[in-house]
Amino acid sequence: MPRLSRAESVLRTRAALLTAAEEVFADKGFAEATLDDIADRAGFSRGAVYANFANKTELFLALLDDWLQLEIDSRLRLHDPSYTPQQDIDALAGHGGNRFADSKRFLLLIEFRLYALRHPEVAQRLRDYDRASTDWFAAVIEEVAVASEIPLPAPVHQIALLVLALEHGIATLAHTDPERVPHEAFLDSLTLLNRALTALAQTDTPQDRKRLPEPE
């Protein structure tokens with residue numbers, strides 16, 4: 001096999017560490033996992049971890065970034081700019097219902113969110129992840145609305161924030177009461193939201209929309 005360049009070697013090491021980190025975090029949780037555990041799982045020394053990440057928190061935040069990019073990439077494959085809003089929702093059926101159907105990953109995210117709430121310097125970075133998620137939802141909503149020629153009855157980021165809150169809330173209920181709340185209840189909620197927004201778009205006025213400022 002051809003010898004890897006230094007840049008390729010660094011990327012491969014980083015990818016292996018992220019894969020190992022996800023496995024260890026899932027097995028032990030964020031609090032109990034150690035960098036030694038992750039290095040051992042990846043087959044590297046502890047020094048290799050520090051060469052790529054400053055600490056365990058930075059490693060987890062990098063994992064979050066990777067998760068979000070994978071989620072965006074997977075949804076882009078299902079999304080078609082020519083879809084109506086309902087077609088875009090229907091395209092998600094059979095793909096887990098929401099991004100948090102994986103219980104280990106969801107529990108890990110909840111654990112890290114609690115950790116971040118107690119550590120303001122970390123909360124700032126988690127905020128960036130949440131904002132990136134909201135921006136992604138907003139971009140898709142705006143694209144579909146333009147393609148469908150449907151005027152949005154509220155600022156796009158407010159609608160995106162509502163979608164994000166629905167996704168997190170329903171995921172929590174689905175994990176605690178799976179018999180009553182399936183993960184795809186999120187798609188049912190999006191359908192109801194789409195119907196409500198479409199009805200509002202037909203009845204409200206530009207003056208109504210001015211009363212709903214965009215978030216900063």
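Values as computed for the structure displayed
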{"read-out": "Selected residue (only one of ALA174, ALA138 is in the same structural domain as LEU61 (by TED's automatic domain parsing), under 28 Å from LYS28 (Cα atoms) and at pLDDT 90 or above)", "value": "ALA174"}
{"read-out": "Members of the stretch 117-138 found to be free of Cβ contacts under 8 Å to residues at least 24 places away in the same chain and of a type in the set (A, V, I, L, M, F, W, C), listed by number", "value": "LEU117, ALA123, ALA138"}
{"read-out": "Residue in the stretch 188-202 that is surrounded by the most Cβ atoms within 10 Å (Cβ to Cβ), counting only those that are closer than 16 Å to VAL144 by Cα and in contact with a helix residue (DSSP H, G or I) (Cβ under 8 Å, 6 or more places away or on another chain)", "value": "LEU190"}
{"read-out": "Residue within the stretch 139-150 that is touching a residue at least 60 places away in the same chain (Cβ under 8 Å) and under 12 Å from the mean Cα position of the chain (by Cα) present", "value": "no"}
{"read-out": "Test set (1) out of contact with any Lys or Arg (no Cβ under 9 Å at 6 or more places or on another chain); (2) at pLDDT 90 or above; (3) of a type in the set (S, T, N, Q) - THR34 fails condition number", "value": "(1)"}
{"read-out": "Inter-residue pairs, beta-carbon under 7 Å, first within 14 Å of ASN52 (Cα to Cα) and assigned by TED's automatic domain parsing to the domain that holds ARG46 and in the stretch 17-35, second assigned to a helix (DSSP H, G or I) and β-branched (Val, Ile, Thr), 6+ apart", "value": "LEU17/ILE38; LEU17/VAL49; ALA20/ILE38; ALA21/ILE38; LEU35/VAL49"}
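The values are calculated or read from the model by the stated rules, or taken from the named source; none is laboratory data. These numbers were taken from a predicted model, which means no experiment stands behind them. Note that each Cβ is placed from the backbone with ideal geometry, even for glycine, and that neighbours are counted across all protein chains shown.
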